[in-house]
Amino acid sequence: MRTTTVGELRILLPDLDPEDLDSASDLTDDLSDAIVEDASWRGAALEDVRIRSSRITGADLSESTWEAGTLFGCEVTRTDFSGATLSGVTIERCAVTGSRFTGARLTDVRFKDVLFEGCRFDYATLSRVSAAGAVAFVDCVLTDATWSACRLPDTVLRSCQLARLELDSCHLHGADLRGSSLHDLKASLGNLRGITLDEDQLPDITHLAVTELNLTVRRR
């Protein structure tokens, strides 16, 4: 069993043996125990597709649509989901590294034991995305993204860029944001209830409170 720890969060990760994987390039309804390199699936329309125990590297899924289905026990590296639409997809026990979700739309997506590392989610929209288990974003760019009605308790966002990230009606209780930039975060304080910060982030939270409460701060 392969695991990693981010902060105080333990994440169960895929444990793939390359010798057990067969080379593949076509995306069928079920892709299992496959190794995929540099495949072009740009603009693909996927419905109830299930991908299991596979390693995907350098694939192009930009502008694609994926409704329902699962991504389970997979390693996804340097893959482009820019402008893609994912709806009702479950992502479980996956490591996603160096991939791009710029401008992607994720709706009713469910995460469980997922590590996003070095990924770009700038201008992405996450709606009703939920965590059913451990989830971590490490060294990710989430600038100018929008999270709406997301339930991501205990999620770790470590060393991430969150400038102008907009949070609307989100539940992040127990989330660990230590080490992430909160400058220009767009969120009411209710979205940040119960999160964990370090002392260096307190000025940014103070600025949010002053803005939300319309406080007047004057020098004596």
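The values are calculated or read from the model by the stated rules, or taken from the named source; none is laboratory data. From a predicted model like this one, the values you see are computed outputs, not experimental measurements. Quick reminder, even Gly has a Cβ in these numbers, built from the backbone with ideal geometry, and neighbours come from all protein chains shown. Accessible surface is based on the protein model in full, side chains and every heavy atom, while ligands, DNA and RNA are left aside. Shrake-Rupley method; radii C 1.70, N 1.55, O 1.52, S 1.80 Å.
Contact order normalised by length for the chain, with contacts defined as Cα pairs under 8 Å and 6 or more residues apart; what percent is it? Can you show the working numbers first?
On the way: 678 pairs, mean separation 23.7, N = 220.
The value is 11 percent.
Between the range 102-155 and the range 50-92, what's the alpha-carbon centroid distance in Å?
What the calculation gives is 14 Å, centre to centre.
Tell me, what is the percent relative contact order of the range 29-98, built from C-alpha pairs under 8 Å that lie six or more residues apart?
Working: 201 pairs, mean separation 20.2, N = 70.
This gives 29 percent for the range 29-98.
Can you list residues whose amide H is under 5 Å from Ala187's amide H, if they're 5+ apart or on another chain and H is modeled 1.01 Å from N?
Leu167
From the helices alone, meaning DSSP H stretches of at least four residues, give me the mean residue ellipticity at 222 nm for the chain, per-run term -39500 (n - 2.57), in deg cm²/dmol to the nearest 500.
Working: 1 runs with 11 residues, N = 220.
The per-residue figure over the chain is -1500 deg cm²/dmol.
Gaussian network model of the chain, Cα springs within a sub-10 Å range: biggest mean-square fluctuation belongs to which of Ala34, Ala175, Ala209?
Top of the fluctuation ranking is Ala209.
Please report the carbon-and-sulfur percent of the accessible area for the range 36-181; probe 1.4 Å, protein heavy atoms only, DNA, RNA and ligands left out. Intermediate results must be reported in sequence, preceding the final value.
Working: 2170 of 5440 Å².
In the range 36-181, the share of accessible area belonging to carbon and sulfur is 40 percent.
For the chain, set up a GNM with springs between Cα atoms under 10 Å and report which of Gly118, Gly83, Gly190 has the largest fluctuation.
Gly190
Just to confirm the number: angle between the C-alpha axis of helix 202-212 and the first principal axis of the chain, 0 to 90 degrees, nearest 10?
70 degrees
For the chain, modelled as a Gaussian network with Cα springs under 10 Å, which listed residue fluctuates most, Ala131, Ala45, Ala104?
Fluctuation is largest for Ala45.
Hey, what's the per residue convex hull volume over the C-alpha atoms of the range 109-199, in cubic angstrom? Walk me through the intermediate numbers first.
Details: hull volume 6.8 nm³, N = 91.
In the range 109-199, the Cα convex hull volume per residue is 75 Å³.
Per residue, how large is the accessible surface of the chain? Use a 1.4 angstrom probe and give square angstrom. Intermediate values should be presented prior to the final figure.
On the way: 10970 Å² over 220 residues.
The answer is 50 Å² per residue.
May I ask for the Rg/Rh ratio of the range 1-118, computed from Cα atoms with Rh as the Kirkwood radius, given to two decimals? Intermediate values should be presented prior to the final figure.
Details: Rg = 13.3 Å, Rh = 14.2 Å.
Rg/Rh: 0.94.
Could you grab the relative contact order for the range 87-207? Cα pairs under 8 Å, six or more apart, rounded to a whole percent. Walk me through the numbers on the way to the answer.
Values: 360 pairs, mean separation 20.5, N = 121.
17 percent.
Kirkwood Rh over alpha-carbon pairs of the chain, then Stokes-Einstein at 20 °C and 1.002 mPa s: what D in µm² s⁻¹, rounded to an integer? Intermediate values should be presented prior to the final figure.
On the way: Rh = 17.9 Å.
Here the translational diffusion coefficient equals 120 µm²/s.
Put +1 on the Cβ of each Lys and Arg and -1 on the Cβ of each Asp and Glu in the range 26-77; which of Leu27, Ile56, Trp41 then has its Cα farthest toward the positive end of the dipole?
Ile56
When all protein chains stay in place, what accessible area (Å², nearest 10, 1.4 Å probe) is found for His173?
Ignoring ligands and nucleic acids, His173 comes out at about 100 Å².
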